[in-house]
1. Using a 1.4 Å probe, what is the accessible area per residue for the chain, in Å²?
2. Helix-only mean residue ellipticity at 222 nm, the chain, DSSP H runs n ≥ 4 weighted -39,500 (n - 2.57), per residue, nearest 500. What is it?
3. First compute the accessible area of the chain with a 1.4 Å probe, then give the percent of it belonging to carbon and sulfur atoms.
4. Restricting attention to region 53-91, which trypsin sites (Lys or Arg not before Pro) occupy a DSSP loop and are surrounded by at most 15 other Cβ atoms within 10 Å?
5. For 41, 49, write out the residues from largest to smallest accessible area, computed with a 1.4 angstrom probe and no ligands counted.
6. Which order do 27, 20 take by accessible area at a 1.4 Å probe, largest first?
7. Just to make sure I understand: if all protein chains stay in place, what is the order of 14, 45 by accessible area at 1.4 Å, largest first?
8. Please label the shape of the chain as rounded, prolate or oblate, based on the square roots a ≥ b ≥ c of the eigenvalues of the alpha-carbon gyration tensor (a/c under 1.5 means rounded; beyond that, a/b larger than b/c means prolate, else oblate).
Amino acid sequence: FDPGNAAGRSARARVAQRALDDCLAWLLRDGDVAIFDATHVERARRDAVRARCEQAGARVAFVESICHDPALIAHNIRETKLKSPDYAGAD
């Protein structure tokens, strides 16, 4: 998840696009509500997701979860980030 790794960033973007395509295909075929759970911290990503959904005829709403509890944040880092293979070898 190194932002300087262009190849990794491109691969994540392709995977996210495929996941969104799958989500929209299901939504438009069978569903009433779909949740596309991903990190959309950049405005450009949110704009791209919104544009793709609107192009497919789906309405979109973003839900943001914000946590200011230092204990909960520390717990999340310890339990998720430090034990995840995605961060193996990272300090």
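The values are calculated or read from the model by the stated rules, or taken from the named source; none is laboratory data. A quick note: this is a predicted structure, and the numbers were derived from the prediction, not measured. For neighbour counting, all protein chains shown are included, and Cβ atoms are generated from backbone atoms with ideal geometry for every residue, glycine included. Surface areas here come from the heavy atoms of the whole protein model, side chains and all, with no ligands, DNA or RNA. Shrake-Rupley method; radii C 1.70, N 1.55, O 1.52, S 1.80 Å.
1. 83 Å²
2. Value at 222 nm, helices only: -16000 deg cm²/dmol.
3. Taking all protein chains in place, the chain shows 53 percent carbon and sulfur surface.
4. Passing both the DSSP loop test and the Cβ count: 59, 83.
5. Accessible-area ranking of 41, 49, largest first: 41, 49.
6. Sorted descending by solvent-accessible area, the residues read 27, 20.
7. The most accessible residue leads, giving 14, 45.
8. Judged from the Cα gyration tensor, the chain comes out prolate (a/c at least 1.5, a/b above b/c).
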